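Working notes, structure below.
The values are calculated or read from the model by the stated rules, or taken from the named source; none is laboratory data. Just so we're clear, the structure is a prediction, and the values are computed from it rather than from any experiment. Neighbour counts are summed over all protein chains in view; Cβ atoms, including those assigned to glycine, are modelled from backbone coordinates with ideal geometry.
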Amino acid sequence: METAFSAFDDVAAETDLVKILLVDDIVENLLALEALLKLPNAQVFCATTATQALELMLEHEFALALIDVQMPEINGFELARMMHSTERTRHTPIVLVTAASIQKSSSVKGYESGAIDFLYKPLDNDIVRSKVKVFIELYRQRRELKRQVEAMKAAQEAQKVLLDKLQNTQDDLQQAMRLRDDFMSMVSHELRTPLNTLKLELYTRRIHLERGAEFSAERIGAMLDNDERQLNQLVRLINDMTDVSRIRTGQLSMRPTNTDLVALATRLIDQFSRQIDIAQSRATVHASAPIIALVDEFRIEQALTNLLTNAIRHCAEKPIDIYIERIRDQGDARAEFASIVVRDYGRGIDPTDCERIFEQFERGSNEHKGSGLGLGLFIANQIVLAHGGKLSAESSPGEGAAFRMVLPLTAAIE
């Protein structure tokens with residue numbers, strides 16, 4: 001038996017609704033209490049047995065339970081004790097309804113069972129309504145206090161998350177500042193080297209000219225070659241910094257064209273023949289046939305240049321091999337790729353560095369650091385990723401390193 005009292009105010013929120021449980025084996029008594037407890041925003045549930053009452057308590061949270069003491073099978077005292085011993089209903093206020101002639105010992109028994117008050121028959125309407133209103137108000141205050149505690153806990157959790165984010169942001173900022181300082185230090189050093197060389201060359205030439213010395217055509221050619229190398233190094237450093245800025249802002253331009261990767265690699269070896277000779281090495285392209293890919297030729301040349309110059313720097317007077325072949329995706333036999341492997345047989349890289357060296361400003365372990373800003377492999381990796389490809393490294397100390405560039409033959413440029 002379940003009855004909802006009164007029409008709720010249209011502005012009343014459902015969260016303001018309170019529930020009252022009436023337990024009595026006599027239906028007439030329940031009807032009388034229902035008629036008496038017509039309160040705003042209140043819903044009354046009625047049960048004629050203790051079993052019905054317990055079932056209702058499993059489904060609802062009650063602000064108050066009015067229980068008649070004299071009930072068959074399970075009386076009010078026993079029901080109150082059961083409610084008080086259950087975690088879900090332990091804190092539900094229980095008011096026992098009994099005859100006015102109840103003995104003092106029975107009253108003590110009721111309080112021991114978990115009841116907090118008594119109503120005596122015949123019921124006084126004003127007293128009943130007043131007590132019920134008091135318990136409803138206490139329930140609402142308790143519920144509001146619980147909401148405030150939960151809100152406070154949520155605020156504390158949010159504050160903790162915010163503090164963690166703030167700490168992470170501070171750590172990131174400090175790391176960024178360290179990277180900035182390291183970067184500026186590297187830029188200063190790397191730019192100063194070719195500039196100082198050019199400055200020294202100019203000073204030497206001025207001294208020779210002031211003394212009336214004449215330069216042979218061969219000597220002039222050597223000086224021009226040296227000047228060109230220093231200027232190219234300056235241009236490359238500036239281009240690297242510019243490309244990093246473009247990568248960060250997503251403005252690295254791509255213009256795909258059909259490009260013969262074998263011819264591109266061969267041309268690069270010719271361009272770097274002097275540097276290869278200075279390193280007392282030799283470079284060879286291994287390919288059975290031309291391989292055409294739809295790529296940005298300038299950017300792939302830039303990436304391959306970074307791999308080749310890296311190999312020249314660490315070849316340790318040993319040969320450099322570039323293997324180019326057409327491969328297929330094992331997951332999709334129709335997808336074709338070009339594999340370009342730049343292999344040197346020099347000092348090699350620690351396996352733990354093979355992933356890290358593709359990050360910004362990373363130049364391998366301390367004992368194998370070379371010149372440069374640590375941007376070449378980072379830029380090469382970003383270019384390959386922008387083509388929908390993959391760049392990876394395999395190496396062991398003392399056994400050289402192999403950098404593999406895998407590119408889709410068809411356009412997959414982001």
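Farther than 22 Å from Cys315 by Cα and more than 43 Å from the chain's Cα centre (by Cα): which single residue out of Met241, Met223 fits that description?
Met223
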Restricted to segment 253-274 and to residues being small (Gly, Ala, Ser) and loosely packed, with under 14 Cβ neighbours inside 10 Å, the residue farthest from Ile383 (Cα to Cα) is Ser273
TODO: Kindly check whether there is at least one residue in segment 58-68 that is β-branched (Val, Ile, Thr), in contact with a Gly (Cβ under 7 Å, 6 or more places away or on another chain) and in contact (Cβ under 8 Å) with a residue 24 or more places away in the chain.
DONE: yes
For Ile324, the lone unmet condition from (1) farther than 21 Å from Asn232 by Cβ; (2) surrounded by 19 or more Cβ atoms within 10 Å (Cβ to Cβ); (3) touching a Phe, Trp or Tyr at 6+ places or on another chain (Cβ under 7 Å) is (3)
Counting only helices (runs of 4 or more DSSP H) entirely within segment 214-305, those with at least 1 residues that are β-branched (Val, Ile, Thr) and closer than 15 Å to Ile322 by Cβ are 261-271, 273-278
**OP:** Kindly establish whether Gly364 is surrounded by fewer than 22 Cβ atoms within 10 Å (Cβ to Cβ) and at pLDDT below 85.
**Re:** no
Every listed condition ((1) exposed (fewer than 13 other Cβ atoms within 10 Å of the Cβ); (2) touching a Ser or Thr at 6+ places or on another chain (Cβ under 6 Å)) holds for Phe77 save (1)
Exactly one of Ile312, Ile349 is in the same structural domain as Leu385 (by TED's automatic domain parsing) and in a loop (DSSP other than H, G, I, E, B), and that residue is Ile349
Restricting segment 144-177 to residues that are of a type in the set (Lys, Arg) and within 30 Å of Ala63 (Cβ to Cβ), the one nearest to the chain's Cα centre (by Cα) turns out to be Lys153
Note: among Ala311, Ala289, Ala279, just one is within 17 Å of Arg404 (Cα to Cα) and either among the acidic types (Asp, Glu) or touching a residue at least 24 places away in the same chain (Cβ under 8 Å) (or both), namely Ala311
Per the list (1) in a loop (DSSP other than H, G, I, E, B); (2) at pLDDT 80 or above, residue check on Glu325 breaks on (1)
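Yes or no, residue by residue, for (1) modelled with pLDDT of 80 or more; (2) surrounded by 10 or more Cβ atoms within 10 Å (Cβ to Cβ); (3) in the same structural domain as Glu325 (by TED's automatic domain parsing):
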residue: Leu179; (1), (2), (3): no, yes, no
residue: Val187; (1), (2), (3): no, yes, no
residue: Arg192; (1), (2), (3): no, yes, no
residue: Lys199; (1), (2), (3): yes, yes, no
residue: Ser216; (1), (2), (3): yes, no, no
residue: Val244; (1), (2), (3): no, yes, no
residue: Ile276; (1), (2), (3): yes, yes, yes
Apart from one, (1) surrounded by 15 or more Cβ atoms within 10 Å (Cβ to Cβ); (2) closer than 26 Å to Pro40 by Cβ all hold for Gly114; the odd one out is (2)
Those residues of segment 83-114 which are among the aliphatic types (A, V, I, L, M) and either under 48 Å from the mean Cα position of the chain (by Cα) or at pLDDT 80 or above (or both) amount to Met83, Ile94, Val95, Leu96, Val97
Of Glu34, Glu61, the only residue that is part of a loop (DSSP other than H, G, I, E, B) and not polar (S, T, N, Q) is Glu61
